[in-house]
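*Asks:* Quick one: this structure, given as structure tokens, is what I'll be asking you about.
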Amino acid sequence: MSKINHTAQQETVDSGPSTERQLIGDRGNHLLDRIEGETGANISACYQCERCTNACPASYYMDIKPHQVIRYVQLGWHENLMRSSTIWVCLSCEMCTTYCPNEVDVAGVINHLRNTAAHSSIPPKERHLAVFHQTFLEQLQRFGRVNELWLMNAFNRKPHILKEKIKNGTLKKEIRLGYALWRKGKLHFIPRRSKAIKEIKEVYRRKRGEVF
């Protein structure tokens, strides 16, 4: 089965409120080949059975459903994916991958797109989730593991985050939750570094393409 149908045929794809018609195959196989090479996922094997979407517990909140994400990659519609809510809403529970009859790593593809979007110049549709994702990775790189108290402190110090939390009342709820966790001994003030911190930093270094 051909990866992409290179014809002048047009197709309407449901990507939320937009119903703009786009040419099938007008982007070529560049995005498909690149993501398959970087993730090892056999995206070409997807035949749109929609089992991934039916298994996804968060699909209701997605503007591009999991099976559509794979189709968008096949079609090369990179910008649509970078502007979607889906890549940030995804829970990474891997239900989509588990239920795929062709063993396409749908969750891995979405996670790859999320990491790509974190360094993209395209503004994220879910800004808070995007900032939290970036903060999580920063803390993981710093300590090799995540301390919830330090993570939320770093997240709240990001531009506009704390101000918005105070305004919508979220900060009060988080303080009460943090106090409850502390009383049960689930919250630690001093972060512990992972013994594998050097290996984790090495992974980040190679991911950035650094040679030395």
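*Asks:* Using per-residue counts of other Cβ atoms within 10 Å, averaged over each peptide, order 154-165, 96-107, 171-182 from highest down.
*Replies:* 96-107, 154-165, 171-182
*Asks:* Can you tell me how the stretch 127-207 classifies by the Cα gyration tensor, rounded, prolate or oblate, using a/c under 1.5 as the rounded cut?
*Replies:* oblate
*Asks:* Extension gain residue 138-residue 158, at 0.36 nm per residue separation less the Cα-Cα distance, in nm?
*Replies:* Gain on extension, residue 138 to residue 158, equals 6.0 nm.
*Asks:* Also, quick follow-up: Do the alpha carbons of any pairs in 172/195; 65/165; 167/195; 65/158; 163/186; 65/172 sit beyond 32 Å of each other, and which pairs?
*Replies:* From the list (172/195; 65/165; 167/195; 65/158; 163/186; 65/172), the Cα-Cα distance tops 32 Å for 172/195; 167/195; 65/172.
*Asks:* Could you run the Karplus curve 6.51 cos²θ - 1.76 cosθ + 1.60 with θ = phi - 60° over the stretch 28-35 and give me ³J(HN,Hα) per residue in whole Hz, x for Gly and Pro?
*Replies:* x, 9, 4, 5, 4, 4, 5, 6
*Asks:* Next question, about the same structure. Could you work out how much longer the chain between residue 54 and residue 92 gets when fully extended? Use 0.36 nm per residue separation minus the Cα distance between them, nm to one decimal.
*Replies:* Residue separation times 0.36 nm, minus the Cα-Cα distance, leaves 12.2 nm.
*Asks:* Need one number: nm distance between label points at residue 182 and residue 168, each 7 Å from Cα along Cα→Cβ, rounded to one decimal.
*Replies:* Going from the residue 182 label point to the residue 168 one covers 2.5 nm.
None of the figures in this text is laboratory data; all of them are computed from the coordinates on show. Every value quoted in this text rests on a predicted model; they were computed, and no experiment measured them. Cβ: placed from backbone, ideal geometry, glycine included. Neighbour counts: every protein chain shown.
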